[in-house]
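A short write-up of the structure that comes next.
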Amino acid sequence: MNSNNSGLTRRNRRYILVYALVFFMFILAVAAFLTVKNSINLQSIIAESVKSQLISTSIAAREMIDPEAFSHYDNEAVSGQQAYQETLAKLRILAENVGVKYIYALKKQGEQYVFVFDTDLEDPAIFLPYGLSPVHVAAFAGQPSADIMNVDDAYGSFNTGAVPIFYRGEVIGIVCTDIEDEYIEMSRQTALRNSLMLILTLLVTMGVMFYCIRKLLKRIYKMQNRLRRQALYDNITGLPNRQYLMNHLAELTAAPEKIPFALLFVDLDNFKKVNDNAGHDAGDELLRSIAVYLRSALNNTMSFRPSAGRLNIAARVGGDEFVQVVQGVDTAEKAAETAQRLLDGFRASKLSRYIDKFNVGLSIGVALCPHDTENYHVLIKYADIAMYHAKHGGKNQFRIYTDEMVQGKSPDKQ
């Protein structure tokens, strides 16, 4: 019999896990997007901060330079002047205090641009030609300018800012500030590392959550199956119970292809003697032994999802009452053979100690579908009536249902 489609099925579990995975991937994508966006915004803020520092440092350096004296500096000899050395010393102190790499001043001589001041202690030479960057060009045009990783020359790669030096309304040179781009690169690496750590943390967290959800769904599925089994199977014998039987019969009788079957209603003879004389534990043991016999007698299959083909089941429907469903039985003769085989096997089974001591036997009533009725409720009633005829006829025997039984007659059909 197929399981109830309601509840948490394997298919539903897969859907939930797929939805959870898609949700987690969406959250991860959003988190990654926001992290990258914040990193870009942070880099932009840092870049603007560095540019502002470059401009402000260049302006401060410009205030230390005398424009008139600067306009007359035209060769290396000026480095021997006391005023020049005092200005250079101030520029070096400024560079050290604000943490910049170089502060230098450039002017145009002929078609070349040369150093006039340079705070570089390792290369103090001045009036050397220098190739301008866009920042320098903008400053010579009279506009303060700064950019990130603007300069990449023999001295290294730098973030550069420059401001013009004015004298009598004209630009006579520029003051520049260089900061090594390690700071920007370091901040980028830090942002990248932090982003990767965040994404990794999210991945681990979501992986743990996904694992927990999977385990929880599996546990719920098992619990649901256990509850379903408790609802559809007998606790003592492990056989399908009345509800399972009714569901199974409903499926059989509602199927488009009507497969004939026999319903055997089995009642234990003298079961009360076992309970009264040997105790209820012995009675339960007997019920379990009967269940084992009934399962094996007709090669019954017990499964929520049985394989295709015929399905014969045994079910416990009451205290000492069982029902055996055997498909493919369509005549009274086949039904009689089936019932007799069940009786003969019982007498030869390992239950002989109950048979000998308490005279335990089987009273069996048989009804056929669709021969007698297609209504499974009525079919059970007919088999029950036939069983009582067998019991009142001497027990440990079977009767096949006939209409005369309902009319109060006592046929001896076997």
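The values are calculated or read from the model by the stated rules, or taken from the named source; none is laboratory data. Just so it is clear, the model here is predicted, and its values are computed rather than measured. Quick reminder, even Gly has a Cβ in these numbers, built from the backbone with ideal geometry, and neighbours come from all protein chains shown. Heavy atoms of the whole protein, side chains included, go into the accessibility calculation; ligands, DNA and RNA do not. Shrake-Rupley method; radii C 1.70, N 1.55, O 1.52, S 1.80 Å.
Of note:
- Helix 182-232 vs. the chain, principal-axis angle (Cα, 0 to 90°, nearest 10): 10 degrees
- Cα lying deepest toward the dipole's positive end in the chain, options Ala141, Tyr15, Leu121, charges on Cβ: Tyr15
- The chain: angle of helix 332-347 to the longest principal axis, Cα-based, in degrees nearest 10: 80 degrees
- Karplus-derived 3J(HN,Hα), 6.51/-1.76/1.60, for each residue of segment 97-109, Hz, glycine and proline x: 5, 8, x, 9, 6, 9, 10, 8, 10, 10, 9, 9, 10
- What the chain shows is 54 Å² of accessible area per residue, with the surface traced by a 1.4 Å probe over protein heavy atoms.
- Taking 0.36 nm per residue of sequence separation and removing the Cα-Cα distance, the Ala89/Tyr388 pair yields an extension gain of 95.4 nm.
- Of all DSSP bridge pairs formed entirely within the chain, close to 95 percent run antiparallel.
- Solvent-accessible area, 1.4 Å probe, carbon plus sulfur percent, for the chain: 54 percent
- Phe166 - accessible surface, heavy atoms, 1.4 Å probe, Å² rounded to 10: 100 Å²
- Here the calculated FRET efficiency for Glu251 and Leu200, from their Cβ-Cβ distance with R0 = 51 Å, stands at 0.45, rounded to the nearest 0.05.
- Spin-label model, Tyr130 to Asp74: label points 7 Å out along the Cα-to-beta-carbon direction sit 2.1 nm apart.
- Over the chain, relative contact order from alpha-carbon pairs under 8 Å, at least 6 apart, %: 13 percent
- Restraint check, Lys258/Lys395; Lys218/Lys381; Lys218/Lys258; Lys258/Lys334, Cα-Cα greater than 29 Å: Lys258/Lys395; Lys218/Lys381; Lys218/Lys258
- At full extension, Tyr211 and Asn12 could sit 70.0 nm farther apart than now, given 0.36 nm per residue minus the alpha carbon distance.
- Extension gain (nm, one decimal) between Val98 and Gln81, 0.36 nm per residue minus Cα-Cα: 3.5 nm
- Straight-line cross-link reach from Lys90 at under 16 Å between alpha-carbon atoms covers these aspartates and glutamates, not counting any fewer than eight positions away in the same chain: Glu63, Asp66, Asp118, Asp120.
- Degrees, to the nearest 10: 280-297 long Cα axis against longest axis of the chain: 90 degrees
- Estimated 222 nm signal from helices in the chain, with DSSP H stretches of n ≥ 4 weighted -39500 (n - 2.57), rounded to 500: -18000 deg cm²/dmol
- Convex hull volume of the Cα atoms of the chain, normalised per residue: 241 Å³.
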